[in-house]
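One structure is given here, and the rest of the page talks about it.
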């Protein structure tokens, strides 16, 4: 499958993220488009045709025990309900069209004062972690959010998920605090690290 055919799967163009490094890097607040997608990977909008692969990747993340409080991925209708379509993207293999990871966001509140505040999730196929896909997805998501006027992106991350904490910090997120014993997961109380990224472009 060519890149053009892959993009046509959802009638949206694939998005290539320009420039920059792969995984790793220092903290600070880099430009939203400052990280390249790995070779053979393109970022494009998520669509219903991606449902099976997106939900399988979600379930694989939940099975690690450190990705979220949920234990079972929902069906597509429940998953997509409340997601902001302009901020839901997948990373796809340009040769096969396979979904390798995804990022999506929901508004934190229906109140207009919080219109530019979202909470996001990013998941990568277990066989493609540490390949720069999460970084490319999150970078594209930040850029799309700023284009849409999002001024604050929030993330709730288990402290044991050190790879996610490092990735978010490298892309300009800061730790706001730790929500202690926020919920029970498999019978154990879990803390959640609250991180956020404040745009220097939107909401000024």
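Every test in (1) surrounded by fewer than 14 Cβ atoms within 10 Å (Cβ to Cβ); (2) in a loop (DSSP other than H, G, I, E, B); (3) in contact (Cβ under 8 Å) with a residue 60 or more places away in the chain is passed by residue 150 save one, and that test is (1). Here the condition is being crowded, with 16+ Cβ neighbours inside 10 Å, modelled with pLDDT of 95 or more and part of a helix (DSSP H, G or I); of 100, 62, it holds for 62 alone.
What's the number of the only condition in (1) at pLDDT 50 or above; (2) at negative phi; (3) in contact with a helix residue (DSSP H, G or I) (Cβ under 7 Å, 6 or more places away or on another chain) that residue 27 fails to meet? So residue 27 meets the others, but not (1). Condition test on residue 51, is it touching a helix residue (DSSP H, G or I) at 6+ places or on another chain (Cβ under 7 Å), over 22 Å from residue 195 (Cβ atoms) and either in a loop (DSSP other than H, G, I, E, B) or at pLDDT 95 or above (or both)? So residue 51 passes the test. Does segment 38-58 hold any residues that are over 17 Å from residue 86 (Cβ atoms) and either touching a residue at least 24 places away in the same chain (Cβ under 8 Å) or crowded, with 16+ Cβ neighbours inside 10 Å (or both), and which are they? Passing the criteria: 38, 40, 41, 42, 49, 51, 53, 55, 57, 58.
Taking (1) surrounded by 14 or more Cβ atoms within 10 Å (Cβ to Cβ); (2) under 23 Å from residue 90 (Cβ atoms) in turn, residue 169 satisfies each apart from (2).
The values are calculated or read from the model by the stated rules, or taken from the named source; none is laboratory data. Fair warning: this is a prediction, and the values are worked out from it, not measured in the lab. Note that each Cβ is placed from the backbone with ideal geometry, even for glycine, and that neighbours are counted across all protein chains shown.
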